[in-house]
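Beneath this line is the structure, given in structure tokens, with notes to follow.
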Amino acid sequence: MENSEVLKQISTMLSDYSKKMDKRFDGMEKWFEDIDKRFEKIDQRFEDIDKRFEKIDQRFEDIDKRFEQMDQRFDRMDKRFDNLDKKVDGVKVELSETQETTNFLLSKFAQQEKKIQNLH
């Protein structure tokens, strides 16, 4: 009979131990579920951050396009200024030639004036 009592005690102890282990496993399952929820939240945050970075990337692409457009405008302005420089240079040459012609005519006029004064 003692054997049967020992077996009952062992059986009771194993049963109690099994219940304790079940509780621990249940606790561990809850703990893993909490960790899973935390990871889901972290994943959601990373997705939100990725979306923000995509928006920022799009903004930078838009800014790059604007800079390219500005560069094209500056190139056109440079060409216009070059054309204006050529025109101004041409006008300078014409003014210089006109000044030389005027000086020549004035000197001829002065010579003629002297000749007329010498005749009187």
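Things worth noting here:
This table checks each residue for (1) of a type in the set (A, V, I, L, M); (2) surrounded by 10 or more Cβ atoms within 10 Å (Cβ to Cβ); (3) modelled with pLDDT under 95.
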| position | (1), (2), (3) |
| --- | --- |
| N3 | no, no, yes |
| L7 | yes, yes, yes |
| I10 | yes, yes, yes |
| M28 | yes, yes, yes |
| R38 | no, yes, no |
| I42 | yes, yes, no |
| I56 | yes, yes, no |
| I63 | yes, yes, no |
| M70 | yes, yes, no |
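- Qualifying residue in the stretch 97-112 (condition: under 55 Å from the mean Cα position of the chain (by Cα) and assigned to a helix (DSSP H, G or I)): yes
The values are calculated or read from the model by the stated rules, or taken from the named source; none is laboratory data. Only a predicted model underlies this, so the values are computations on that prediction, with no experimental measurement involved. Every residue, glycine as well, gets a Cβ built from its backbone with ideal geometry; the counts of neighbours run over all protein chains shown.
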